[in-house]
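See structure below.
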Amino acid sequence: MRVPKRPIWTGTITIGLVNVPVKLYRMIFDRGFSFRFLHKQDSQPLKYQKVCIKDNTVVPWEDIVRGYEVSKNEFVVFTKEELEAAKPESDRRIRLNKFVDFYSIDPLHFESSYILAPDKNPEAYTLLLKALEKTEKAAAGTITLRTKEYPAIVQAHKGVLILNTLRYSYEVADPSRLDELKQLKEPSKDELDLAAKIVEDLSGEFNIEEYKDAYKQRVEELIEKKLKGETIVIEKPEVKEEAKELMVALKQTLEQLKKK
Amino acid sequence: MTRELTKVEFTNLKKVMYPALKATKAQIIEYYIKIAPKMLHALANRPLVLTRFPEGVEKEGFYEKDAPQGTPEWVKTFTRYSETANRNIHYIVCNDLDTLLWLANLAALEIHMTLSSADSFLKPDLVLFDLDPKSPATFGDAVKIALQLKQELDALGLRSFVKTSGKKGLHVIIPIVQRYTFQQTRTFARDIGTKLEKQSSLITSEFSRRPKPGVVFMDYLQNSHGKTMACPYSLRATPQATVSTPLEWSQLKKGLKPEDFNMFSVVLIEKEPWKGFSDVKQDLEVNSK
C-alpha cells in the first residue's frame, strides 16, 4: 500500500469556538494501468494537440476559452478569468456542527476518503480524536475542495481522523423510479427457502485481500515477459559535447558512491 | 543501449556563472559531481534553502525555500506550514546524486541546510557557532577564536567540526543527539559565547547591540528552527567561487586563507576532514558536567 507524499490541503477544523489545524492527505488511489500512446512505425511517444474542428489548425493554449453547451452546438462562452472569479472561496475551514452515528449514513453517499493529520497543534487533534472514540460518534459538516463544497463526515478510525466527502442527495439516483423495478413479483416460499439455504452455505467473513484485479495481473505478467525479450528504448536527442565530459565525471562518482 | 547515468537533463551548460573565473554552468555541475561523495551524507534528510543565480553571480540571485514549479516527482520534499508565509512550504531534501545535480542545473549555487533534519524539525542535531569577523577584525581573528572555542568544547568532552563559511568567517559545529530544543542549544551556544567573551576582548556574542567593529561576532541566535547555514562543500556566490570547506582542526593556523578553497581547488583535496560527521551524536548535558 502506498504512503501519500504531500498534503493536498491544509486548514482548520472548526467546531464552535474550537479550532483544530489539520493537513489533508489523499487516502484513495486508483491503481489501474496507464499506457502511453506511441507511433506504430518508430515507437516514439505522441503528444496531444487541440485541433479546430472547422479548419484543422492547431490552437495554442492562450487562444482557448471554455464553452458550456446549452443545447446541441450552441455554447455560452467563458474566459478562464470569469470562471476563476466565480469559484467558491475555499476559506480553509472544515466546519463541523453536528455529532452523529457514523453508521446511520447511507454508504451510497460516500464519495472519497482523506486522512486528516495534525498540523501545528497536535493536542487539539488528539483531543478531538479521543472525544470521538469515547463517544463513538462522528462529526458532520462541510469542506470546500477546489471548486466544490462537500458535505463531510469526520470519524475516528484506527487511531486517526478520517474525513469522508459525501455526495449530495441529488447526486445519487433514485432506483425506485426505474420501470424495471416497479412491478417486482414475490417468489414462492420454496424458492425463497432454497435461496436462503444457498446464502447460508456460502456465508463467511468479508476480506478485501481475497480480491485481485486479474486484468492488472495479466498485464503485469506480459510486461515481465516483454522486458525479458525485446523492449523499445526512446531515442533521446544526442548528448552535446559539454555534457559528454560531465558524463565521464559522473561515471566515476557513481562508482565511488557505490563503494561507500 | 546506454543506461542513463542521471535523471537530470542538463541545460544551458555554456552559460558563464562566475565571470571573473569564466566558470560555466557545466563546470559548476562538474564540481558538484566530483564533490558529491564527500558532500551527500551531510545533507541527508535536511530541509534545504537555495540561493539561485540563474544569470550568474554578478547579477542578482534569489532565495528559494519552496520547491519551484516543475520540480520533478522524484525529488524528495519536506512540507511544513510557515506561519509567516501563511502557507505550506515544500522544502527540498537532497538524499541522492540526482537531486544534487538537479540543484546544480537550477543554478542553485548556494545550498543551505537547516540544523535539524526533516524527521525532527524542532529538535536540532547540530549546534552551530557562526564566527563572523567584523572589519577590521580578520579571518585570522576568527581562526584564533575558533581555536579557543575548540579548547572549551574539548574540555567539555565534545567533538567539534570546523569549516570555512566560504565568505569571511568560520563555522564550528557540534553534532548532537536529537533530544534538545533549539532554545536549549541556543542557551548552550550563548553560555559558551559569554564565557569566551570574558577571556578575550576580540569576541562578542551579544545580540542586543550592534556587533562592534573589530570583533568576531558569535551569533548564537543562528540556533533557531528555520535558520540555515551553508552546507559543507556548498559553493558561495563570491567572485572567486569559494567553497564552504570542511577542514581538519590542524589546518587552522596563521596564514590560512579562505579564498584558497574554491571550486577548482577543493576537488583536488584528497582528505575528507569530516569523515564520519553524520554518525557523531553527542549528549550536551552529560558531557558538560
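Take peptide B:28-39, look around each residue's Cβ out to 10 angstrom, count Cβ atoms belonging to other protein chains, and average those counts.
4
Report the one residue of A:32, A:159, A:104 whose Cα lies farthest in the direction of the positive end of the charge dipole of chain A (charges on C-beta: Lys and Arg +1, Asp and Glu -1; origin at the Cα centre).
Working it through, the farthest residue towards the positive pole turns out to be A:159.
Please arrange B:218, B:17, A:27, B:229 by counting, for each residue, the other beta carbons lying within 10 Å of its beta carbon, fewest first.
So the ranking, lowest neighbour count to highest, is A:27, B:229, B:17, B:218.
Taking the Cα centre of segment B:170-289 as the origin, how large is its charge dipole in debye, to the nearest 20, when only Lys and Arg (+1) and Asp and Glu (-1) carry charge on their Cβ atoms?
Once rounded to the nearest 20, the dipole reads 400 debye.
Take every residue in peptide A:245-256, count the Cβ atoms of other chains within 10 Å of its Cβ, and give the average of those counts.
Partner-chain Cβ atoms within 10 Å, mean over residues of A:245-256: 6.
Have a look at B:183, B:218, B:48 and report the one farthest towards the positive end of the charge dipole of chain B, computed about the Cα centre with Cβ charges (Lys/Arg +1, Asp/Glu -1).
Checked the options; the winner is B:218.
How big is segment A:1-141 in terms of Cα radius of gyration and Dmax, in angstroms?
Values for segment A:1-141 (Cα only, Rg and Dmax): 22.8, 66 Å.
Taking the Cβ of each residue in B:24, A:253 as the centre, tally the other Cβ atoms inside 10 Å and list the residues starting with the fewest.
B:24, A:253
Return, ordered by residue number, the residues of segment B:170-185 whose backbone nitrogen is under 15 Å from a label point located 7 Å along Cα→Cβ of residue B:195.
Residues B:174, B:185 fall inside that zone.
Among A:37-49, B:252-264, how do they line up by average Cβ neighbours within 10 Å per residue, starting with the highest?
B:252-264, A:37-49
For chain B, find the longest principal axis of its Cα atoms and tell me its angle to the long axis of helix B:25-43, 0 to 90°, nearest 10.
In chain B, helix B:25-43 runs at an angle near 50 degrees to the longest axis.
Could you list B:94, B:231, A:52 so that the one with the fewest beta carbons within 10 Å of its beta carbon is first and the one with the most is last?
Ordered by Cβ neighbours within 10 Å, fewest first: A:52, B:231, B:94.
Dividing the alpha-carbon radius of gyration of segment B:71-151 by 2.2 N^0.38 Å (N being the number of residues), what value is obtained?
So the Cα radius of gyration is 1.49 times the expected 2.2 N^0.38 Å.
Per DSSP H run of n ≥ 4, the term is -39500 (n - 2.57); total these for chain B, divide by its residue number, and report the mean residue ellipticity at 222 nm rounded to 500 deg cm²/dmol.
-7500 deg cm²/dmol
What pairs in B:34/B:163; A:23/B:123; A:228/B:76; A:5/B:7; B:14/B:167 have C-alpha atoms more than 28 Å from each other?
A:228/B:76, as the Cα separations exceed 28 Å there.
Rg to Rh for chain A: what is it, with Cα atoms only and Rh by Kirkwood?
We get a ratio of 1.07 for chain A.
How much space per residue, in cubic angstrom, does the convex hull of the C-alpha atoms of segment B:118-273 take up?
Once divided by residue count, the hull of segment B:118-273 is 126 Å³.
For the Cα atoms of chain A, what angle does the longest principal axis make with the long axis of helix A:241-259, in degrees from 0 to 90, nearest 10?
60 degrees
So how tilted is helix B:182-199 from the main axis of chain B? Cα-based, degrees 0 to 90, rounded to 10.
50 degrees
Counting partner chain Cβ atoms within 10 Å of every residue's Cβ in A:3-12, what's the average?
Shielding by partners across A:3-12 averages 2.
Taking a quarter of the surface of the Cα convex hull of segment A:69-132, what do you get in nm²?
8.4 nm²
Please get the size of the charge dipole for chain B, origin at its Cα centre, with Cβ charges of +1 on Lys and Arg and -1 on Asp and Glu, quoted in debye to the nearest 20.
Value, rounded to 20: 520 debye.
Go through A:205-214, B:40-49, B:77-86 and give me the packing order, highest mean Cβ count within 10 Å leading.
So the peptides A:205-214, B:40-49, B:77-86, ranked by packing, come out B:40-49, B:77-86, A:205-214.
What's the magnitude of the charge dipole for segment B:141-235 around its Cα centre, counting Lys and Arg as +1 and Asp and Glu as -1 at the beta-carbon? Answer in Debye, nearest 20.
180 debye
Kirkwood Rh over alpha-carbon pairs of the protein assembly as shown, then Stokes-Einstein at 4 °C and 1.567 mPa s: what D in µm² s⁻¹, rounded to an integer?
45 µm²/s
Can you tell me how much longer the chain between residue A:97 and residue A:18 gets when fully stretched, taken as 0.36 nm per residue apart minus their C-alpha distance, in nm with one decimal?
So the extension gain works out to 27.3 nm.
Relative contact order, percent, of chain A when contacts are C-alpha pairs under 8 Å separated by at least 6 residues?
RCO, chain A: 17 percent.
Every number in this text was worked out from the coordinates using simple rules, so none of it is lab data. Because the structure is a prediction, the values reported are computed rather than measured. Reconstructed Cβ throughout: ideal geometry from the backbone, glycine too, with neighbour counts over all protein chains shown.
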